[in-house]
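Structure first, commentary second.
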Amino acid sequence: MRSIYAAGLIALLMAPCAQAQTISRSTLGNGLTVLAWQSDHAQVAGIAAVVGASGAHESNATRGSRALLQQMLSIASHDAVVEKLSPISGVVGPAGSAGLGVNTNFDFVEAAYAVSVEELDEGLALFADQLFEVELTEEDLDQSRDLTVRSFEAAQESPVQVTFDLFRAALYGDSAMAQPQQGDPESLEAITLADLQSFRDTYYVPSNTWLCIVSPLRVEEASAAVSRAFGGVASRPAPPAAPEPVLPSESLVEVGDSPALVQASLVIGVPLPSCNDPIFPAAEVLTQLLEGPGGRLHRDLHLLTALGLALPTRLLDEHYPINVLSVQPARDPFLAVHTLAAPRAIEAARAGVLRHIFALRTGAATEDELARAKARVINAHRLSTQRPSDTALYLARRSFFGLAGADEAIAAVEAVTSEDLNAVAKQYFGRHAVGIQMPSTQAGGQL
């Protein structure tokens, strides 16, 4: 355990600090929130926007509108970047594709890319046009719908993804958070171009958007460039807040089956406090007590044996059957553990994982455990700020939730005590949720 902890510290010490200078924050006349940060390490400008369009804003009839709009944004921006900017600009992701990199979370949608400093004005103008003003066409809708349906169908072919969907249904009940974020083929087919235009006009507005730019320029220069590009976007009223979800009050289990499975697949978890709650840093640390080669779940050889899996050591090293899922930025996040088990061992797997989770309500963390868990959380914050576009996304997300930058996040993690971990677990672990996928031949007789 000490060698793993030491490796974590080495990675932490090598990672540069993303918040060595002050983050500038301002609001344009149309309501756009602008963050700017000067990075001495940046060679390009990273630009990111978070739009407060929530899955709760979609009705059952328009489920998937955000996914379609994001897909259209990705496609249209790719063509625009290739046409208007040099090859060094608009590059996103490790594959180096051009255009805006987009993502759809439950609470928000986001887009990001990088541009050369010499083309900053052109890059920002393109971003503003693509995000708020580009014309939506039937051709774009058809192409985006086809890609989104294919994405949905691919996800349904993944037993692990379906297990995760079952877990979300158990955790979130009848709320919108339990629904697929990209919609389903039926809802996607029913959405019209007029529906999408109305949704974008309501929710993709400056007053509902947080934009961040990270560049080698002084923050005054960067903010002025944003103002030139986005200041002319028409002001529209901020949309209504997303309705508060009504979540289950009791523990629930959702079960499915799949012919693609040989072993059972389980996701077991509990709610966590909102990421803008002052006690959320303790929840981050608490999760890392369980995760990784030095975490409690990996050290429990009795639990590993109880799974009923005959796995050679080589496979265990590469594909350990118990993994803690990453905690996502959300208003209603969760701690979740995915595990494989022999069909006959699903109850032993469920009970074994929950035993570790519930032990966090009263059991104290050792000094080594607490230090290791904090180092892993701090590393995660550092790794989120390695590239300009990553840093811009990180800061825009945190601003959306009313949070400050990485320095403040890390200071909050460093202040967490073992008693704080117990307090979070006692308050939030009163109910749990389980999603189970069984091999089809076993589903009827095991549950």
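The values are calculated or read from the model by the stated rules, or taken from the named source; none is laboratory data. Model, not experiment: these values are computed from the prediction. All Cβ positions, even for glycine, are placed from backbone atoms using ideal geometry, and neighbour counts span all protein chains on display.
Go over the candidates LEU211, LEU247 one by one and state the one that is closer than 23 Å to VAL162 by Cβ, in contact (Cβ under 8 Å) with a residue 60 or more places away in the chain and not hydroxyl-bearing (Ser, Thr, Tyr).
Result: LEU247 is the single residue among LEU211, LEU247 that is closer than 23 Å to VAL162 by Cβ, in contact (Cβ under 8 Å) with a residue 60 or more places away in the chain and not hydroxyl-bearing (Ser, Thr, Tyr).
Do you know which of the residues in the stretch 29-41 that are more than 23 Å from the chain's Cα centre (by Cα) and crowded, with 20+ Cβ neighbours inside 10 Å is modelled with the lowest pLDDT?
It comes out as SER39.
Find all pairs meeting these conditions: Cβ atoms under 7 angstrom apart; at least six residues apart or on different chains; first residue within the stretch 114-136 and without any contact (Cβ under 8 Å) to a residue 24 or more places away in the chain and closer than 27 Å to PRO237 by Cα; second residue of a type in the set (Ser, Thr, Tyr) and crowded, with 18+ Cβ neighbours inside 10 Å.
Pairs found: none.
Answer yes or no as to whether ALA392 is surrounded by 23 or more Cβ atoms within 10 Å (Cβ to Cβ), outside the structural domain of PHE108 (by TED's automatic domain parsing) and among the hydrophobic types (A, V, I, L, M, F, W, C).
Considered against the rule, which asks whether it is surrounded by 23 or more Cβ atoms within 10 Å (Cβ to Cβ), outside the structural domain of PHE108 (by TED's automatic domain parsing) and among the hydrophobic types (A, V, I, L, M, F, W, C), ALA392 comes out as yes.
State all residues of the stretch 25-56 that are polar (S, T, N, Q) and within 19 Å of PRO237 (Cβ to Cβ); if no residue qualifies, say none.
THR27, ASN30, THR33, SER54
All but one of (1) hydrophobic (A, V, I, L, M, F, W, C); (2) at pLDDT 95 or above; (3) farther than 30 Å from VAL44 by Cα hold for ALA375; which doesn't?
(3)
Can you name every residue in the stretch 330-354 that is outside any helix (DSSP H, G or I), aliphatic (A, V, I, L, M) and out of contact with any strand residue (DSSP E or B) (no Cβ under 8 Å at 6 or more places or on another chain)?
Listed by number, the list holds a single entry, ALA330.
ASN323: under 22 Å from PHE106 (Cβ atoms), touching a residue at least 60 places away in the same chain (Cβ under 8 Å), out of contact with any helix residue (DSSP H, G or I) (no Cβ under 7 Å at 6 or more places or on another chain) and not aliphatic (A, V, I, L, M), yes or no?
In short, no.
If we only count helices (runs of 4 or more DSSP H) wholly inside the stretch 130-195, which ones have 2 or more residues that are surrounded by fewer than 21 Cβ atoms within 10 Å (Cβ to Cβ), in contact with a Lys or Arg (Cβ under 7 Å, 6 or more places away or on another chain) and among the small types (Gly, Ala, Ser)? Don't jump to the end; show me each part of the working.
Numbers: elements: 138-156, 159-172, 185-190.
Passing ranges: none, list empty.
Condition test on ALA170, is it touching an Asp or Glu at 6+ places or on another chain (Cβ under 9 Å) and modelled with pLDDT of 95 or more?
For ALA170, the condition - touching an Asp or Glu at 6+ places or on another chain (Cβ under 9 Å) and modelled with pLDDT of 95 or more - is met.
Is the stretch 262-280 home to any residue that is among the hydrophobic types (A, V, I, L, M, F, W, C) and assigned to a helix (DSSP H, G or I)?
Yes, because at least one residue in the stretch 262-280 is among the hydrophobic types (A, V, I, L, M, F, W, C) and assigned to a helix (DSSP H, G or I).
For the stretch 111-129, how many residues meet the condition of being crowded, with 23+ Cβ neighbours inside 10 Å, more than 11 Å from ALA229 (Cβ to Cβ) and small (Gly, Ala, Ser)?
Of the residues in the stretch 111-129, 3 are crowded, with 23+ Cβ neighbours inside 10 Å, more than 11 Å from ALA229 (Cβ to Cβ) and small (Gly, Ala, Ser).
Just to be sure I understand, how many residues within the stretch 281-308 are closer than 12 Å to THR339 by Cα and not in a helix (DSSP H, G or I)?
Counting residues in the stretch 281-308 that are closer than 12 Å to THR339 by Cα and not in a helix (DSSP H, G or I) gives 2.
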